[in-house]
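S.K.: Just passing along the structure, written as structure tokens.
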Amino acid sequence: MKITTPHRAPIIGIAGWKKSGKTTLAVRLIEAFTARGLKVASLKHAHHAFQVDDKATDSARHRQAGAAQVAVVSAARWAIITELDGAPEPNFEEVIAALEPCDLVIVEGYKSAAIPKIEARRLASFTKKPLADDDPQVIAIAADHVIEGTALPVFSLDDVELLADFIDATLGPLKGACREADGSKAGLRKSVADIGGEPS
């Protein structure tokens, strides 16, 4: 079953073994699509107990005091930190459903998710077994070396714009509708603020 967001945004995965270059590729694709005018959301699976706030911050102190959820809000960004306390982590579908409307979701990790994926490969990768051999959802390979014996399109890890064109052609055409809508809302809020009113 193909997974989509509740708002029907296309999803592309960047999958690979450790040291395969998947994080760098995901970051560069986010930069490329953002530069093309798309509102991009990203999802990263971590295999360790990560922290999004430093131990010395006020929000970390709230969490350490026992708060099950901590919301941190500023004029630039906001986040909600949830402690699982032994509960299972949210599954892929639940996390995707929690994302706001966007034009494209780029997922790093989640090798088993039923989404189209670009497989990242590097000679320095800890594991050499190709994911594409067992995963029909892999639609292309991005590598730092010559790949033989595959019918899939192969791109250089450094040729990000060409890979972005391929993703656009395969999943799209991708349009920056959400980013344009966000810009319109921001303009409306500014106009309303200028006249001292409230948006309806």
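The values are calculated or read from the model by the stated rules, or taken from the named source; none is laboratory data. Predicted model, so just to flag it, every value in this text is computed and none were measured. A quick note on method: Cβ atoms are made from the backbone with ideal geometry, for glycine too, and the neighbour counts reach across all protein chains shown.
S.K.: Count, please, the residues in the range 66-93 that happen to be over 22 Å from the mean Cα position of the chain (by Cα) and either in contact (Cβ under 8 Å) with a residue 24 or more places away in the chain or more than 17 Å from V52 (Cβ to Cβ) (or both).
M.R.: Counting residues in the range 66-93 that are over 22 Å from the mean Cα position of the chain (by Cα) and either in contact (Cβ under 8 Å) with a residue 24 or more places away in the chain or more than 17 Å from V52 (Cβ to Cβ) (or both) gives 4.
S.K.: The conditions are (1) at pLDDT 95 or above; (2) in contact with a Lys or Arg (Cβ under 7 Å, 6 or more places away or on another chain); (3) loosely packed, with under 12 Cβ neighbours inside 10 Å, and F126 fails exactly one of them. Which is it?
M.R.: If we test F126 against (1) at pLDDT 95 or above; (2) in contact with a Lys or Arg (Cβ under 7 Å, 6 or more places away or on another chain); (3) loosely packed, with under 12 Cβ neighbours inside 10 Å, just (1) comes out false.
S.K.: Just to confirm my filter: which strands (runs of 3 or more DSSP E) fall fully inside the range 91-154 and include at least 2 residues that are of a type in the set (S, T, Y) and under 16 Å from K44 (Cα atoms)?
M.R.: Counting at least 2 such residues, we get no strands (runs of 3 or more DSSP E) at all.
S.K.: Shifting gears a bit: Those residues that are over 13 Å from P116 (Cβ atoms), small (G, A, S) and either surrounded by 17 or more Cβ atoms within 10 Å (Cβ to Cβ) or modelled with pLDDT of 95 or more (or both), I need them from the range 134-159; list them, please.
M.R.: Of everything in the range 134-159, those that are over 13 Å from P116 (Cβ atoms), small (G, A, S) and either surrounded by 17 or more Cβ atoms within 10 Å (Cβ to Cβ) or modelled with pLDDT of 95 or more (or both) turn out to be A142, A143, A151, S156.
S.K.: Can you name the number of the only condition in (1) out of contact with any Lys or Arg (no Cβ under 6 Å at 6 or more places or on another chain); (2) at pLDDT 95 or above that S59 fails?
M.R.: Among (1) out of contact with any Lys or Arg (no Cβ under 6 Å at 6 or more places or on another chain); (2) at pLDDT 95 or above, the lone unmet condition for S59 is (2).
S.K.: Within the range 3-20, how many residues are touching a strand residue (DSSP E or B) at 6+ places or on another chain (Cβ under 9 Å) and not polar (S, T, N, Q)?
M.R.: Here the count works out to 10.
S.K.: Would you be able to say whether some residue in the range 32-51 is more than 27 Å from R121 (Cβ to Cβ) and touching a residue at least 24 places away in the same chain (Cβ under 8 Å)?
M.R.: Yes, the range 32-51 has at least one match.
S.K.: Right, here's the next one. Would you confirm whether any residue within the range 160-174 is part of a loop (DSSP other than H, G, I, E, B), at pLDDT 85 or above, farther than 29 Å from K18 by Cβ and out of contact with any strand residue (DSSP E or B) (no Cβ under 8 Å at 6 or more places or on another chain)?
M.R.: Yes: the range 160-174 contains one or more residues that are part of a loop (DSSP other than H, G, I, E, B), at pLDDT 85 or above, farther than 29 Å from K18 by Cβ and out of contact with any strand residue (DSSP E or B) (no Cβ under 8 Å at 6 or more places or on another chain).
S.K.: If you don't mind, there's one more thing I want to ask. Take the residues in the range 60-88 that are more than 19 Å from L99 (Cβ to Cβ) and in contact with a strand residue (DSSP E or B) (Cβ under 9 Å, 6 or more places away or on another chain); name whichever of them is surrounded by the fewest Cβ atoms within 10 Å (Cβ to Cβ).
M.R.: Filtering first and then ranking leaves A68.
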